[in-house]
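What follows draws every value from the coordinates through simple rules; no lab data is involved. Here the structure is a predicted model, which means the values were calculated and not measured. As a convention, Cβ positions derive from the backbone with ideal geometry for all residues, glycine included, and neighbour counts pool all protein chains shown.
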Amino acid sequence: MVVDESLWARTALKRLPEGLWNWDELFARPAPVVIDIGCGNGRSTLHLAVNHPEWNVLGVDILPVVIRYATRRANQRGLVHARLAVIGGRELLERHVPLHSVTELHCYHPQPFYDQRFVERRLITPEFLSLAHRALVPGGRLVLQTDNPGYWKYISQVVPTFFDWHEQSGTWPDSPQGRTRREIIARSKGLPIFRGWGVARYGLSWDEALAQARQLPPPTFDADRRLQALDQLERDTGESPATEPRPSAKHPPRRSFRKPPRRRR
Ligand SMILES: C[S@@+](CC[C@H](N)C(=O)[O-])C[C@H]1O[C@@H](n2cnc3c(N)ncnc32)[C@H](O)[C@@H]1O
């Protein structure tokens with residue numbers, strides 16, 4: 001609900017701090033931190049913040065246009081415990097998230113990247129999962145959702161190495177309409193939605209997680225180009241452009257999946 005202008009919040013993280021982020025400073029209060037990666041228009045981020053005033057909620061996306069939209073909506077709803085930032089999910093976890101400092105990580109409908117030239121931009125990789133495990137508090141939760149069967153099959157294959165994995169049948173009980181914009185669009189087209197959540201495995205050290213990640217296959221699955229129409233629909237129907245970039249000098253294809261650098265402890 002939009003609140004009186006005098007109560008509007010300032011949720012934009014415009015200048016991203018260097019190095020590891022101090023959550024208490026960033027949110028101006030201590031509270032459990034929950035991150036929504038690839039938040040798009042912010043429907044899920046706002047949902048988390050509205051339903052959990054006891055959390056500090058961060059939504060991130062690589063597209064400034066969607067973050068601007070999400071920020072405006074969060075500001076107008078007075079969500080003083082929410083922050084929105086333009087940054088990639090992997091970069092965030094790799095460079096800025098202190099060890100075991102996040103209570104939940106959510107990622108709804110990561111870009112499938114149908115074109116084989118861009119599969120290396122897929123977010124969910126074994127290395128990303130090892131970083132997610134490192135970011136989460138022991139027993140912290142990773143929530144994943146997609147409408148892409150190929151992505152889901154891959155997720156189901158690799159996630160259990162790092163997380164005790166549970167598939168969620170049916171919609172999330174707290175949001176029967178759908179937690180995200182993409183979910184609502186996919187459901188309106190009669191597509192299945194795959195949902196799951198995992199608890200970070202206890203006793204898995206960063207070194208072990210990295211070693212395990214190196215044994216797992218990269219996400220080179222076939223995302224089925226026939227499903228690409230959904231991305232177009234998402235682009236056409238509003239403020240959240242789903243990006244499958246065309247090749248350009250600005251977006252050259254990456255040559256190989258990079259391993260995260262080893263961290264001194
Ligand atoms: C298919 S949309 C889904 C948006 C939203 N989560 C939803 O379900 O409606 C995927 C989003 O992920 C973002 N994205 C793609 N790669 C990303 C990355 N490496 N880090 C963060 N966001 C990313 C895109 O800009 C896009 O907004």
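Annotation: Cα Rg of the stretch 5-236 relative to the compact-globule expectation 2.2 N^0.38 Å equals 0.97.
A helix-only calculation puts the chain at -8000 deg cm²/dmol for mean residue ellipticity at 222 nm, using -39500 (n - 2.57) for each DSSP H run of at least four residues, averaged over all residues.
Taking the Cβ of Trp152 as the centre, find all other residues whose Cβ is under 10 Å away and add up their charges (Lys, Arg: +1; Asp, Glu: -1). Net charge in that neighbourhood comes out at 0.
Using a cutoff of 8 angstrom between alpha carbon atoms and counting only pairs six or more residues apart, the relative contact order for the chain works out to 20 percent. Only beta bridges with both residues in the chain are counted; by DSSP, about 35 percent of them are antiparallel.
Going through the stretch 1-94, which trypsin sites (Lys or Arg not before Pro) have at most 14 other Cβ atoms within 10 Å and a DSSP loop state? Counting only loop positions with at most 14 other Cβ atoms within 10 Å, the trypsin sites (Lys or Arg not before Pro) in the stretch 1-94 are Arg10, Lys14, Arg15. When you filter the trypsin sites (Lys or Arg not before Pro) in the stretch 174-223 for DSSP loop state and at most 14 other Cβ atoms inside 10 Å of their Cβ, you are left with Lys189.
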